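Following: one structure in structure tokens, then a few remarks.
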Amino acid sequence: MSDVKGKSTSGRGLTPKQEKFCQLYIELGNASEAYRQSYDCQDMKSESINRLAKKELDKIKIRSRVDVLQQEHRQRHNLTLDNIIADLQEYRDICMGRKPLTITTVVKNAQEGTAQSVNTECFVFEPTGANKALELLGKHLGMFTNKVDVTTDGKPLPTVINVTFSDEPA
């Protein structure tokens, strides 16, 4: 794979450490931890590791490789946006009591040596779960966007004080 120490000849232009960083980032979902496990960080502060991990992730070659690995990961696990949205909607319906939840209980009879499963349907109300599902669905649809003031370039509006003087008594 490499003929010079630390240099890759795999065609992607990544060093073995960079490739390891990309793989670990996909596995862990944490750039700083992926950096710690890929590079020698023994004498480094957390802030330095965080900064270097971000810098590594911002490199075009690294970002491209991570994008490819994420796509492979999605295909391998058969994850699509439609599947995730359908699951969130089903979870929302269960948490809001719109759809029954089936609980399976296994009843064992030791004397006869048998086991039988019993399904029980119940309705639950789990507001925290429903809220999270609705929040994620809303974010996906772009319903909760931060409002940005485009008229002042992010600067505070100037303070205007109008003072009027009049010679006439009130």
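The values are calculated or read from the model by the stated rules, or taken from the named source; none is laboratory data. Since the model is a prediction, treat every value here as computed from it, not as a measurement. All Cβ positions, glycine included, derive from the backbone under ideal geometry; neighbour counts span all protein chains shown.
Data for the structure
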item: Positions within the stretch 78-101 being of a type in the set (S, T, N, Q) and modelled with pLDDT under 90, in sequence order; result: ASN78, THR80, ASN83
item: Residue check, VAL106 β-branched (Val, Ile, Thr) and surrounded by 10 or more Cβ atoms within 10 Å (Cβ to Cβ); result: no
item: Those residues of the stretch 75-103 which are of a type in the set (D, E, K, R) and either touching a helix residue (DSSP H, G or I) at 6+ places or on another chain (Cβ under 6 Å) or surrounded by 14 or more Cβ atoms within 10 Å (Cβ to Cβ) (or both), in sequence order; result: ARG92, ASP93, LYS99
item: Complete set of residues in the stretch 80-105 that are charged (D, E, K, R) and in a helix (DSSP H, G or I); result: ASP82, ASP87, GLU90, ARG92, ASP93
item: Residue within the stretch 75-83 that is in contact with a strand residue (DSSP E or B) (Cβ under 9 Å, 6 or more places away or on another chain) and farther than 30 Å from GLY13 by Cα present; result: no
item: Count - residues of the stretch 114-170 that are surrounded by 11 or more Cβ atoms within 10 Å (Cβ to Cβ), of a type in the set (Asp, Glu) and modelled with pLDDT under 85; result: 0
item: Sole exception among (1) buried (at least 16 other Cβ atoms within 10 Å of the Cβ); (2) at pLDDT 60 or above for LEU28, by number; result: (1)
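Residue-wise test of (1) under 17 Å from the mean Cα position of the chain (by Cα); (2) small (Gly, Ala, Ser); (3) closer than 30 Å to PRO127 by Cβ.
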| residue | (1), (2), (3) |
| --- | --- |
| CYS41 | no, no, no |
| THR80 | yes, no, yes |
| GLN89 | no, no, yes |
| ARG98 | no, no, yes |
| LYS108 | no, no, no |
| THR114 | no, no, no |
